Structures are given as C-alpha cells and as structure tokens.
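Nothing in this text is a laboratory measurement; each read-out follows from the coordinates by a stated rule. The model shown is predicted, which means the values in this text are computed figures rather than measured ones. Because the Cβ atoms are built from the backbone with ideal geometry, glycine has one as well, and the counts that use them run over all protein chains shown.
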C-alpha cells in the first residue's frame, strides 16, 4: 500500500488552506459506542487529518452545529440500523439550514449498508463500509474534498 499519493493530496490541501483537512466522527441518537470510531479516527489521523469525535447520542441538529462550530470539512456518521438512516437525513437538512452546506457528509456502517436511494438525494456525499478503513476509503474521502478542500458534486461511485 503506497501512502505517498495520499500524503501529497493532504499536503496540497494544507498548502491551499493553511490547515489539514478536518473531520468529525459523529454518533447520532445512539447510546452504544461504535466500534468503527477509534480505528477510523486512528487511520485518518495517521494519514494527516485532524479528527474530532463527537459525544455519544447526539441529535442531528447538535451534530450539525458542532461541525459548523469546529469548522470541519466533513462529517462521518454511522448508520447501524434503519432508524439511524432517518437521523442522517435530519443531519443533512440541519447542515443546510444551519449554514453548513459546504460540509461533506459521509454515512456508513459496519455490516448494514444504508439505502443510497434515500440518502444521496438529501445530501449524503458518500456511503462506505467503516469496517474497511484503508487507503482506498481515505482516497475516496479526499476525492470529496478536492485538491483545495472545496465542496464538489457528490461522489456516486460507491
């Protein structure tokens, strides 16, 4: 696995923006800790992302406000069951209404794959399997940010 291209892309974002790409790992309406959070946070930090981890059991509006307040480029949320999918829709709507329309939204799960027909139209940019936190996932996340960290059209090739 060659990490040089990923490091080069992160350095391009640093050069363009003066900071590393920042990501929030959010837990929506769940009291149970997600097993994906720590491994994904470690992988992202290792590759050069600044990683924030939100508190357990956040409402979608709280997660949106935390992302906006922390000036993140991207939010990752887990969709562990079908009820979480509705929370992701609410999060996407909250980002729009609260002034975070430029924040990229990544949804995923460990096993259950969210319904793309429901999530892409409301503003989810990428659906992934968080159990597979590897260089390909990080590369796809960087694709969302573009070279200068600007919001681009949703990535549909999942």
Where does each of 37, 97 land when they are ranked from fewest to most other beta-carbon atoms within 10 angstrom?
-> 97, 37
Using the alpha carbon gyration tensor of the range 1-107, what are the three equivalent-ellipsoid semi-axes (square root of 5 times each eigenvalue), largest first, in whole Å?
-> 25, 17, 10
Arrange the following residues from fewest to most other Cβ atoms within 10 Å of their Cβ: 25, 61.
-> 61, 25
Say each of residue 50 and residue 19 gets a label point 7 Å from the Cα, pointing the same way as Cα to Cβ; how far apart are those two points in nm?
-> 0.4 nm
